[in-house]
Amino acid sequence: MNYNQADLDGNGSGNGGGIYASGIDTTVHLINTLVEANAAQSGGGIAIENQATLDMRTEFFENTCWKPSACSQVVNNETAFENSPIRGGGLYATSGAQAFISRTEFTNNKADFGTAIYAFTATEDPIATFVDINGVLIAKNGLDGSGRWKDSDTIRNNNALMNISYSTIADNDAVDTSANIFNTGEVGNLRLFNSIIHNNDGLPVFRGINHDSTDFYECLLLNETESLPIETSLIVGDPHFVDREGGNYHLHHLLSEAIDFCYEDGAIPRYKDIDNDTRGVDGPERPEFLGLYDAGYDESNDLIYKGGFDSRN
């Protein structure tokens, strides 16, 4: 789904540049799909609304994939029009839509709000919008406000329900006063576990609502912890990606602090990792922190140069 634009009548509005889905009986299955360089007012790549459902994931057939480590991609999409609101460079989910995203890459998407993902539930919606992110790489979205976009927050969750697990969110380029995750609405509507959220430029991990006992933040390797509640399993550390400058966010099998970082309770992986490696395998070179499960979208092994996001060509 490449190089499309949601603006047939030329009035500068329209959601879902690559894919638009709406309605309770509407389900979109995207298996091993490339959604690239599309444009719309909101949802440059994909927009789902009015209780529609999205299932986007990698599936391995005979353990092969059309693009190693990147079989499912939402890349280089943008909210291109001037009409407001301009939300969700990669994905826009609203009005009770349900999105289930696994083993997928979101990179180089751009928007005013939510450069990679924007989820929204209005007060009049009968059910909450829900986004489940499992085993996903979200990296290098935004341009720090240097383009025509505001680039405010990488993931923006406005009163929706959102789970993020076994995912890597790194090196996104948002403007000052933004964060990798911005959460508003009721407390307890965001769950983060077994993930890496890390920027070298000091971008905060989180901003938004106050936390209480109904929130769930467990087993996270972060670049800072001041923006989240104090928990023993929220650690500032270095994930030691194989080549973060080149876009390879696999874990270095000797150096990464994310290896053998987590336990399974509360975040049972539904799939193997992005390379189809089994999760929860002991990395003998690294000491265990809480268990055998690596944090992030990659379960490390000693083939540190396999696959990767260094190039699409």
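The values are calculated or read from the model by the stated rules, or taken from the named source; none is laboratory data. Please read all numbers here as calculations on a predicted model, not as lab measurements. Glycine gets a Cβ as well: all are built from the backbone with ideal geometry, and neighbour counts include every protein chain shown. These area figures cover heavy atoms from the full protein model, side chains too; ligands, DNA and RNA do not enter into them. Shrake-Rupley method; radii C 1.70, N 1.55, O 1.52, S 1.80 Å.
One table, with the values for the structure above:
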quantity	calculated
Convex hull volume per residue in cubic angstrom - Cα atoms of segment 1-98	88
Antiparallel content of DSSP bridges confined to the chain, in %, to 5	5
Rounded to the nearest 10 Å², the accessible area of residue 257 at probe 1.4 Å	70
Cubic angstrom per residue, convex hull over Cα atoms of the chain	125
Positive-end extreme of charge dipole, the chain - chosen from 42, 274, 204 (charges on Cβ)	42
D (Stokes-Einstein, µm²/s), Kirkwood Cα radius, segment 119-245, 1.567 mPa s at 4 °C	87
Within the accessible area of segment 190-303 (1.4 Å probe), percent carbon and sulfur	50
DSSP-defined beta bridges in segment 1-88 - what % are antiparallel, rounded to 5	5
Nearest-20 debye value, segment 1-158 charge dipole, Cβ charges on Lys, Arg, Asp, Glu	380
Rounded to the nearest 10 Å², the accessible area of residue 66 at probe 1.4 Å	120
Viscosity 1.002 mPa s, 20 °C: Kirkwood-radius Stokes-Einstein D of segment 74-116 over Cα pairs, µm²/s	196
Other-chain or far-sequence residues with amide H under 5 Å of residue 131's (modelled H)	99, 161, 162, 163
Unit charges on C-beta of K, R, D, E only; dipole of segment 139-288, Debye	580
Counted charge near residue 122, where neighbours are those whose Cβ lies closer than 14 Å (Asp, Glu -1; Lys, Arg +1)	-3
Residues whose placed amide H lies under 5 Å from that of residue 240, excluding near-sequence neighbours	257
Accessible surface ranking that places the most exposed of 175, 131 first, with a 1.4 angstrom probe	175, 131
Disulfide-incompatible cysteines by the Cβ rule (no partner under 4.7 Å) in the chain	none
1.4 Å probe accessible area per residue over the chain, in Å²	39
Surface accessible to a 1.4 Å probe, residue 113 within the full protein complex, Å²	50
